[in-house]
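Engineer: First the structure, then my questions, so here it is.
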Amino acid sequence: MVKPDFDSATTAIGTPNIAFIKYWGKRDDSGLNTPNNSSISMTLDETLSTKTSVLFSERLGKDTLYINGDEEPIEGGRISEKSAYLKRILDHMKRIAGVDHHALIVSENSFPSGAGIASSASGAATLVFALSEALNLEMARKEMSITARQISGSACRSLFGGIVKWRAGTEKDGSDSYAEQVFDSSYWPELIDIIAIVDSSKKRVSSSAGHAATVKTSVLYGARPAFAENGVSEIERAVAAKDLNRLSMAIMRDSNNMHATMLDTWPPIMYLSDASKDIIYKVHELNESEGKCIAGYTFDAGPNAHIITSEEHRDRVMETLSEIDGIRETIESHMGGGPRLLGEKDCLIDEAGIAPKNSNTRKE
Ligand code: DP6
């Protein structure tokens, strides 16, 4: 194995994915994020992205992580569950690479965190990709997918571009629970995701807490895994045929089904806002007026809508959205190709190699 060059940083870019059939509910509380059902998603292009620079150096006294300019503790007592996993993964990857230097990791999102646009998926996938490259681990994407899954389940899909399927798997250790590409990003270039931001504040119930509460208390949830497995096959058929009507329908049914199990959770979890519901009604009106589905909405663990449509119908969809109060911004994204390396000019670590560029300049 080639030894890593400790004094030069590695920078990568990765993107979120939007699930057409959602992951909601884990098989157990092992922390491995093994899901109860398979899911399928579209990886977005770099309109929204995470950039991550990683540096291993003997000059560093501890592992340090900065997200959007702020230090996120990854060692010591008061760290989040996700940071604890991240640290375990970092240690694990260092061990395999035979590296004992500390790491400086600097990550920046180009979109609001915690707004249901899966910043954790984009962040974790990009981090695992960057670490693997920085440590010269030559990991296969499948291995990266399994690793990223353990930081945040949906992240395992962001290791690939295009349309990506995450097979739930059955093994207790999660070794057969990983994502793979089903169609590459050039297969259906006209497909777009119009993201309607209605609220960019942090969510009230984290998705990790939501997964557990729904599995534990929802009566409706029992029917979800089988419904979702069928949905994944339906999406594969719809994409293969480039059938927007069929695709949109399956996407909307799955989003509604997942949010129904959330509402059925005790105490109930409601991620949709009044503006989200207006979007739902308006998209149905639009589809009815067209006599077929030309657009499909889907919502993650948050109120922002992702409207899947094709370029041909973009103007009609935008016109419909313009009639809704409460949409603060729309962002349009095509399918993207998954994480890739960037050059030195994009490095987020300063020339001395010991601190992030712009540190402490972005605090509100
Ligand atoms: C609603 O991947 O954020 O976006 O594994 O606990 O990190 P953890 O959960 P997370 O759950 C995302 C769920 C979802 C649907 C999806 O992306 O499939």
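Engineer: I'd like to know which of G291, G69, A241 lies farthest towards the positive end of the charge dipole of region 10-346, counting +1 on Cβ of Lys and Arg and -1 on Cβ of Asp and Glu.
Structural biologist: Among G291, G69, A241, the one farthest towards the positive end of the dipole of region 10-346 is G69.
Engineer: Using +1 on the beta carbon of Lys and Arg, -1 on that of Asp and Glu, and nothing else charged, what's the dipole of the chain about the Cα centre, debye to 20?
Structural biologist: 960 debye
Engineer: For the chain, what is the accessible area per residue in Å² when the probe is 1.4 Å?
Structural biologist: Roughly 44 Å² per residue, with all protein chains present.
Engineer: Let me ask something else. Applying the Karplus parametrisation 6.51 cos²θ - 1.76 cosθ + 1.60 with θ = phi - 60° to the phi angles of region 9-14, what ³J(HN,Hα) value in whole Hz is obtained for each residue in order, glycine and proline being reported as x?
Structural biologist: Whole-Hz 3J(HN,Hα) from phi for region 9-14: 7, 10, 10, 10, 10, x.
Engineer: Here's something else I'd like to know. Can you spot the aspartates and glutamates whose alpha carbon is less than 17 Å from K242's alpha carbon? Ignore those fewer than 8 places along the same chain.
Structural biologist: D184, E190, D193, E234, E311, E312
Engineer: D193: net charge of surrounding residues, Cβ under 10 Å, Lys/Arg +1, Asp/Glu -1, itself excluded?
Structural biologist: It works out to a net charge of -2.
Engineer: Lys/Arg Cβ at +1, Asp/Glu Cβ at -1, dipole of region 10-346 taken about the Cα centre: which of A168, C156, T217 is farthest positive-ward?
Structural biologist: About the Cα centre, the residue reaching furthest to the positive side is T217.
Engineer: Right, something else. I need the semi-axes of the equivalent ellipsoid of region 1-89: take the C-alpha gyration tensor, multiply each eigenvalue by 5, square-root it, list largest first in whole angstrom.
Structural biologist: 29, 20, 14
Engineer: Show me the three semi-axes of the equivalent ellipsoid for the chain, from the C-alpha gyration tensor (sqrt of 5 times each eigenvalue), largest first, rounded to whole Å.
Structural biologist: Gyration-tensor ellipsoid for the chain: 34, 22, 20 Å.
Engineer: What net charge do the residues around M42 carry, taking every other residue with its C-beta under 12 Å from that of M42, with Lys and Arg at +1 and Asp and Glu at -1?
Structural biologist: Residues near M42 contribute -1 overall.
Engineer: With each pseudo-label sitting 7 Å past Cα toward Cβ, what's the D70-R95 distance in nm, one decimal?
Structural biologist: Placing both labels 7 Å along Cα→Cβ, they lie 3.1 nm apart.
Engineer: Please tell me the relative contact order of region 10-346 in percent, rounded to the nearest whole number, where contacts are Cα pairs under 8 Å and at least six residues apart.
Structural biologist: 25 percent
Engineer: Same structure again: Could you tell me the relative contact order of region 49-103? Use alpha-carbon pairs under 8 Å, at least six residues apart, and round to a whole percent.
Structural biologist: 46 percent.
Engineer: One quarter of the convex hull surface, Cα atoms only: what value does that give for region 59-109 in nm²?
Structural biologist: 3.9 nm²
Engineer: Taking all protein chains in place and a 1.4 Å probe, what share, in percent, of the accessible surface of the chain do carbon and sulfur account for?
Structural biologist: 49 percent
Engineer: Can you check what the net charge comes to around E312, using other residues whose Cβ is under 13 Å from the Cβ of E312 (Lys, Arg +1; Asp, Glu -1)?
Structural biologist: Net of charged neighbours comes to 0.
The values are calculated or read from the model by the stated rules, or taken from the named source; none is laboratory data. Not measured: the values here are computed from a predicted model. Ideal geometry is used to build each Cβ from the backbone, glycine not excepted, and the neighbour counts take in all protein chains shown. Surface areas here come from the heavy atoms of the whole protein model, side chains and all, with no ligands, DNA or RNA. Shrake-Rupley method; radii C 1.70, N 1.55, O 1.52, S 1.80 Å.
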